[in-house]
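Each remark here refers to the structure printed beneath this line.
The values are calculated or read from the model by the stated rules, or taken from the named source; none is laboratory data. In this text the structure is predicted, and so the values were computed from the model without any measurement. Because the Cβ atoms are built from the backbone with ideal geometry, glycine has one as well, and the counts that use them run over all protein chains shown.
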Amino acid sequence: MPNLLLTTVCRPFGGKGEGASVAAELFHAQVTRSQGIFSYRQVIRCWGLDYIAENVNAPSVVLHYPSEREFLREIKTRFYDYIGINFVVASFHKLRRMAALIRKVSPGSKIVLGGYGTVLSDDELAPFGDFICREEGIGFMRRLLGENHDRPIRHPYAPIESPRVFSYPMKTKVAHITGGLGCPNGCDFCCTSHFFKRKYVPFVQTGRELYEAILLMEQKARDAGEELSGFIIIDEDFFIHAKRAREFLACVREGGRPLSLMGFGSVRGLSQFTADEIAEMGFDILWTAFEGTGSGYEKLKGQDLPALYQGLKSRGVAILTSVIIGFPFQDRSRVLEDFRKLTELGPALWQILIYFAFPGTPFHRRVLTESRYLPAYRKNPDYRTFDGFSMHFTHPHFSPKELEDLQRELYRKCFEVLGPSLVRVVRAWFDGYRNLKDSSNPLLRGRAERMGGYVRSAVPGLFPAIHFGPNAEQRQEARKFLEEIERELGPLSLKERLYCWATVPFSAWTWLAERLNIFQQPRLLRIEHGIKATLLNLTMEETKEPAKDGMLPAPQRGSII
Ligand code: B12
Ligand code: SF4
């Protein structure tokens, strides 16, 4: 039987000429990027690879974020018939380098290219791969390996660390389930929607199946001796699949136990449910788009935004809002007007990206037809900044530098006006606790109890905000919030006060480590599927060997948020 190596591109990230946001973290690189010591840290693994490995019969090894040395060691130690690499457009240069290494060290291996970097043309990709997967990857790999491709999809247990702040070691993990790929909404800039030709590719057909997948992950966590703090559901717009979501809600009600989920939903999708129903399903963090007034996307049609946000926040749902700047009709004053509206909505977390043209999207075709690409991006473009943090075409009101400066300014301003996301997330959960604790619905009462516990355990995290928050107003805000918590949940114990003070050296270390750029890279995560350890020359000790280029220490247990 052929064997398979599946890998991400190699660390380190953030080298010279590379986009600063192109990393292995979502929060720190894109969302809480301007929040200094308050930034959430959470390395996210490449679940696409875990899904493929779990669902093929061929023995396989998955590498998440190897260094080049670790990658070389893997392909020198063992011959792999197929080496599959996940990459995005911004990491195409890393893929090219890895392909050259494979051709040199393991010339008999066939290279399979996968992930959203495959939106690049055949001309660009063909020299670096023997096969290109531009579809759902499990079916593709099963066909390539000569396996039955009609079998149902199994969900891998592929947890990540709980988000960490102030370098505080975590005790719990977050599990992940993919509900499906692609999105029918077809927004003009959206890579994933057009990658799957606006078709939805379900990994989970029914609400019951999703609920059972959650129970299965919980069981697998217990088997692994790990404690879960919650789940990330990857599904571009979970709530537009209303029948499935309602069935899931019915299962949660039947199960009678409050869940903790992070997910994605458009205004249109969310508007089909009441805030209570969304809270009952268990959503603690919801990612939804604001994009921009005047953008006109269908997905934004639904409930009035202030009412939607208010309803969700009052049930303890922390909202992550994504905003786009640089639409052709926007000048600085329109962007600032949108920014004002955003801060009034008061999300807990925000992502501000530049209107951006990925190959394969209608927007990309338009930019090409109108010859709007800047000269540097017409021929042999440097893809390293295809990341939503730079502008590559002409704009009636902004030069690339002006828009990129404005993006930086808005991230910073958001932090100053709204305060640290950490405080805002805890605030949403505190409001959820207060509003739901006397609910007649037992599931919501259970949710309130869970949120009260979260708030209590997060109290030490407020301490640095009181002392080192972005400005006097935010520091005062954090202080008042702590007093409010004490009034509602009782005064801090001596132990809790000690924990509060302990955050000071943790904060100092976090600041220093980032300044010195040490311990900022992910570490290798290596997983074997269906391979007897004895077949490998590598031992598990070697697998766990820390890399030498300054990785983050291994995540521990316990969530501070
Ligand atoms: C989670 C996530 C991350 C995580 C994990 C990265 C990862 N590669 O999975 C983190 C936070 C690290 C991340 C970072 C970035 N991301 Co990201 N990320 C996502 C997100 C939200 C979900 C991906 C996911 O887990 N899906 C679930 C799994 C099961 O599906 P999948 O990944 O699609 O994999 C399936 C197929 O694509 C295929 N497949 C995937 N890999 C391979 C490999 C082989 C060999 C084969 C055969 C098949 C195959 O098979 C899988 C099973 O069907 C997507 C958006 C989305 N909804 O898909 C963006 C997305 C992939 N990210 C994107 C970008 C741009 C980035 C960043 C550059 C961020 C930035 N702005 O700077 C960095 C780059 C990171 C890096 N190290 O290179 C873009 C890519 C666009 C493009 N064409 O380049 C996307 C599509 C978001 C978007 N809409 O713009 N990201
Ligand atoms: S709703 Fe989101 S995922 Fe769907 S097409 Fe629009 S941007 Fe893409």
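General remarks:
- Residue pairs whose Cβ atoms lie under 6 Å apart, separated by 6 or more positions or on different chains, with the first residue in segment 290-315 and more than 19 Å from GLU280 (Cβ to Cβ) and away from ligand 1 (no atom under 16 Å from the Cβ) and the second in a loop (DSSP other than H, G, I, E, B) and of a type in the set (S, T, N, Q), are GLY302/SER271.
- Output for segment 70-93, where each listed residue is more than 23 Å from VAL56 (Cβ to Cβ) and under 21 Å from the mean Cα position of the chain (by Cα): VAL89, ALA90, SER91, PHE92
- The set of residues from segment 183-222 being among the acidic types (Asp, Glu) and more than 24 Å from LEU368 (Cβ to Cβ) comprises GLU209, GLU212, GLU218.
- PRO470 fulfils the conditions (1) within 28 Å of SER162 (Cα to Cα); (2) assigned to a helix (DSSP H, G or I); (3) away from ligand 1 (no atom under 16 Å from the Cβ) except for a single criterion, (2).
- Exactly one residue among ILE214, ILE177 is of a type in the set (A, V, I, L, M, F, W, C) and more than 17 Å from the chain's Cα centre (by Cα), and that residue is ILE214.
- Matching entry among ALA90, ALA20 (being modelled with pLDDT under 95 and either outside the structural domain of TYR383 (by TED's automatic domain parsing) or in contact with a helix residue (DSSP H, G or I) (Cβ under 9 Å, 6 or more places away or on another chain) (or both)): ALA20
- Only one of the numbered conditions (1) part of a loop (DSSP other than H, G, I, E, B); (2) over 30 Å from PHE415 (Cβ atoms) is violated by GLN303, and that is (2).
- Among the residues making up segment 358-372, those that are more than 25 Å from PHE196 (Cβ to Cβ) and not acidic (Asp, Glu) are SER371, ARG372.
- Test: residue in segment 213-224 that is away from ligand 1 (no atom under 16 Å from the Cβ) and acidic (Asp, Glu): yes
- Residue pairs whose Cβ atoms lie under 7 Å apart, sitting 6 or more positions apart in sequence or on different chains, and linking a residue in segment 99-124 that is more than 9 Å from ligand 1 (Cβ to nearest atom) to a partner that is at pLDDT 95 or above and of a type in the set (Ser, Thr, Tyr), are ILE102/SER109; SER106/TYR80; SER109/TYR80; SER109/TYR82; LYS110/TYR82.
- Residues that are surrounded by fewer than 21 Cβ atoms within 10 Å (Cβ to Cβ) and touching a residue at least 24 places away in the same chain (Cβ under 8 Å), drawn from segment 1-29: MET1, PRO2, ASN3, PRO12, GLY14, GLY17, GLU18, GLY19, ALA20
- Being crowded, with 23+ Cβ neighbours inside 10 Å, within 15 Å of ligand 2 (Cβ to nearest atom), more than 30 Å from LEU443 (Cβ to Cβ) and of a type outside the set (D, E, K, R) is a condition met by no residue of segment 327-340.
- Within segment 216-259, the set of residues being within 16 Å of ligand 2 (Cβ to nearest atom) and not in a helix (DSSP H, G or I) comprises ILE232, ILE233, ILE234, ASP235, GLU236, ASP237, HIS241.
- Checking each residue in segment 473-506 for being among the hydroxyl-bearing types (Ser, Thr, Tyr), assigned to a helix (DSSP H, G or I) and more than 15 Å from VAL423 (Cα to Cα) picks out only TYR499.
- Answer residue from segment 16-65, given it is in a loop (DSSP other than H, G, I, E, B), farther than 28 Å from PRO505 by Cβ and among the aliphatic types (A, V, I, L, M) and is farthest from the chain's Cα centre (by Cα) among those: ALA58
- Any hit, segment 189-202, residues being in a loop (DSSP other than H, G, I, E, B), more than 15 Å from ligand 2 (Cβ to nearest atom) and buried (at least 16 other Cβ atoms within 10 Å of the Cβ): no
- Scan segment 136-148 for residues that are part of a loop (DSSP other than H, G, I, E, B) and within 16 Å of ASP50 (Cα to Cα) and the total you get is 1.
- Residue that is β-branched (Val, Ile, Thr), at pLDDT 95 or above and crowded, with 22+ Cβ neighbours inside 10 Å, where the choices are ILE83, ILE111, ILE132: ILE83
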